[in-house]
1. Helix hunt in the chain: which complete DSSP H runs extend at least 30 Å axially by C-alpha with mean Kyte-Doolittle at least 0.0?
2. Could you compute the net charge surrounding Ile234? Neighbours are other residues with a C-beta less than 12 Å from the C-beta of Ile234; K and R count +1, D and E count -1.
3. If we sort 273-279, 665-671, 571-577 on the protection proxy, mean other Cβ atoms within 10 Å, highest first, what's the order?
4. Report, in whole Å, the centroid distance computed from the Cα atoms of the range 28-46 and the range 347-375.
5. How high is the FRET efficiency between Ser609 and His510 when r is their beta carbon distance and R₀ equals 35 Å, given to the nearest 0.05?
6. Just list whichever of Lys427/Lys693; Lys427/Lys507; Lys45/Lys124; Lys23/Lys45; Lys427/Lys485 have alpha carbons separated by over 20 Å in the model shown.
7. Could you work out how far apart the two model spin labels at His241 and Glu479 are, taking each label as a point 7 Å from the Cα in the direction of the beta carbon, and quote it in nm?
8. Any aspartates and glutamates with Cα under 18 Å of the Lys33 Cα? List them, leaving off those in the same chain fewer than 8 positions away.
Amino acid sequence: MSQLPSRDEILQWISDNPTQSSKRDIARAFGIKGAARIDLKRMLKELEDEGHLAKRKKTYRDPEKLPPVAVLQVGPQTADGDLTARPMEWQGEGAEPAIVIVPRASDPALGEGDRILARLTEIKGDFAYEARLIRRIGTNPRRVLGVFRATPEGGRILPIDKGDGKEWQVSKSDIGGAKEGELVEAEQSGPKGRMGLPRARVLARLGDPSAPRAVSLIAIHQHGIPHDFPDEVIAEADAMHPATLDDAREDLTDLPLITIDPADARDHDDACWAHPDDDPKNADGHVIWVAIADVAEYVRPGTALDAEARKRGNSSYFPDRVVPMLPDRLSGDLCSLHEGVPRACIAVRMQIDAHGEKIAHRFVRGIMRSVASLTYKRVQAARDGNPDEQCAPLMDEVIHPLFNAYEALTRARNRRQPLDLDLPERKVVISEEGEVESVNFSDRLDAHRMIEEFMVLANVATAQELISRRSPLLFRVHEEPPPEKLDTLRDTAEAAGLTLAKGQVLKTAHLNALLAQAEGTENDQLINLATLRSMTQAYYSPSNFGHFGLALQAYAHFTSPIRRYSDLVVHRALITAHKWGEDGLSPDDIARLEPTAAHISETERRSMSAERDTNDRYLAAFLSDRVGSTFSGRISGIARFGVFVTLDDTGADGLVPMRALGHEYFRLDRDAGTLTGSDSGTVIGLGQRVTVKLIEAAPVTGGLAFELVSLEGDALPRARRGGSKSAPKGRKPARAKRKSDKVKRKVSRTRK
């Protein structure tokens with residue numbers, strides 16, 4: 001018979017192995033087998049009842065310890081100069097544990113009384129924990145971005161935002177070493193000074209306004225994205241307290257929900273879990289839980305928080321920073337599903353059959369506690385047979401069941417045939433110093449696709465639920481392509497020797513068949529780009545017009561209320577429909593659904609433009625020291641002033657001006673989207689392979705200029721001797737030619 005360890009030995013093991021503390025882990029560690037496992041279970045239950053252990057799902061944690069991420073209040077410095085802190089939400093019975101803050105060079109200066117979100121690590125010695133800053137919470141002086149101009153009294157700051165009004169005055173003691181002409185970030189430091197100018201303190205020197213570190217700030221200002229929260233908004237957020245269980249909420253803390261996000265995720269607003277369905281009527285079926293942060297609990301209609309969130313519409317993401325829709329107290333703390341921390345949520349339990357079809361769903365408002373905060377790469381590695389220490393105990397109960405449910409959903413997706421474009425997403429990686437470290441294409445793992453499928457299923461369930469309850473809501477609408485764009489796509493396909501069905505109601509399956517024909521051929525990228533350009537832009541609407549791209553009859557955004565106002569409106573609709581509380585859709589919300597939909601559709605486009613501009617500037621800065629180098633790429637656009645090229649390695653876009661195409665006149669055919677050389681007959685069109693030389697990179701504008709070196713592997717032919725750069729006289733197009741003949745030259749050019 002196995003020898004049971006003592007109570008002290010069990011407590012010490014759990015303390016030393018916080019990520020391997022399930023009953024199974026403890027039994028394996030002490031060699032407990034057979035009937036002795038029953039005695040172990042009894043001993044753990046006794047320790048739990050006596051308060052020595054807190055059960056978290058099927059894992060035990062000491063209730064006298066802090067979670068790995070917590071909100072702290074900065075305390076006084078020690079005699080040795082160390083900065084201390086205290087937890088804001090300590091629930092233990094003993095004295096608050098002593099915490100020391102371990103600063104990094106890039107951290108802002110902290111003072112006594114500041115509140116911060118920090119990651120905690122247990123240590124031994126005078127302090128129980130080390131804290132490393134995630135972000136500061138609750139400080140909100142007005143800030144400005146501008147160019148510093150030196151004066152005898154100190155300096156002035158000229159805001160780059162034209163709507164910012166007057167200059168800012170900086171005293172000598174507050175210039176922070178700023179030099180003439182530098183881009184600086186400053187904050188208001190006091191009342192207005194001489195000549196009625198606001199006083200400012202320089203916080204950061206960003207150097208040359210064209211430097212990489214400045215470009216996202218410039219885009220934020222240029223596109224008018226609100227980035228400073230008004231004082232009343234910060235005050236409302238700071239006054240919030242964590243939600244607790246009540247009659248309207250279910251206790252979901254026994255569910256082993258996990259969050260799976262990118263490694264650099266700033267918040268965690270969705271969690272999931274799946275398990276085999278035990279309903280005998282649903283053989284080989286699955287149950288999928290998706291839990292979403294309950295932002296509506298904190299952002300109530302008619303508040304300053306709500307007005308600011310609606311104004312912003314969504315969060316904006318840049319390579320080096322995020323402009324959030326909500327203050328950090330909410331987005332990074334109370335509404336973020338941190339590991340091991342109770343959090344308010346709205347969750348949906350969905351049953352799918354063995355074929356991946358949803359057969360039932362149920363929404364609940366509850367309190368959950370994430371078992372683990374994992375990344376896509378870690379979950380994928382675990383799935384591939386290489387789990388790390390945190391994933392290993394979760395394999396049987398969490399990770400394997402998630403992927404099993406995903407496999408069933410994949411079968412349903414293959415039957416539904418949503419649009420399956422193959423357009424890699426580029427990722428700009430920024431160093432702590434603000435320099436571009438690398439430009440890569442993001443990996444597309446099964447772990448990514450799994451979470452996407454779960455979120456799509458939850459969004460579909462949400463739309464169906466609110467439609468069935470006759471509730472007002474905001475739909476995510478994606479209408480089918482207009483006929484004229486489909487005609488252009490069909491011509492492009494025919495020119496490539498491919499076919500797109502005609503004379504019937506267009507379905508995404510038809511487009512996928514076209515994409516499948518092109519896959520692996522020289523026209524692969526051409527057809528993907530042409531298909532993308534034929535699509536309409538998705539938007540929000542209180543009326544349901546379906547989602548063409550996903551091949552769904554009804555779709556509503558439910559899964560990201562931290563970063564999208566649309567999802568907050570949908571959460572409120574669920575609250576009202578289920579009578580969960582007084583924080584649902586207000587009469588004003590309902591009356592404003594139409595203008596709200598138009599507004600947040602516009603803020604989404606605004607953020608996309610700012611993010612694209614920022615990426616372009618970063619890419620231009622990244623390539624600026626490679627002027628004169630050659631690159632391979634594809635033609636991605638044709639215009640009267642030149643040819644747009646997308647580089648293979650980085651996805652950067654640049655222009656080959658008409659003057660850099662060669663020594664002959666090129667005639668533009670707008671319908672066909674081609675340029676044709678007047679002497680050589682060379683045809684330049686979408687999707688063609690090119691080699692280009694970089695002749696200019698301008699980080700300030702994000703512009704790249706190329707010179708065309710070769711087309712489809714061949715050097716551009718020279719114009720005939722005596723040829724002119726102007727249009728040749730007397731040469732007219734053959735009007736008897738069919739339009740598709742013109743388009744064919746995009747992919748099969750004439751060589752002379």
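1. Qualifying helices, which must be both long enough and hydrophobic enough, are 446-468.
2. Within the 12 Å Cβ shell, the charges total -3.
3. 571-577, 273-279, 665-671
4. So the two Cα centres are separated by 32 Å.
5. 0.65
6. On the way: Lys427/Lys693 23 Å; Lys427/Lys507 31 Å; Lys45/Lys124 28 Å; Lys23/Lys45 11 Å; Lys427/Lys485 30 Å.
Violating the 20 Å Cα-Cα cut-off are Lys427/Lys693; Lys427/Lys507; Lys45/Lys124; Lys427/Lys485.
7. In this crude label model, His241 to Glu479 measures out at 5.0 nm.
8. In chain and number order, the partners are Glu9, Asp25.
The values are calculated or read from the model by the stated rules, or taken from the named source; none is laboratory data. The structure presented is a predicted model; accordingly, all values stated were derived computationally and were not measured. Using ideal geometry, Cβ is built from the backbone for each residue, glycine included, and neighbour counts are taken over all protein chains shown. Surface areas here come from the heavy atoms of the whole protein model, side chains and all, with no ligands, DNA or RNA. Shrake-Rupley method; radii C 1.70, N 1.55, O 1.52, S 1.80 Å.
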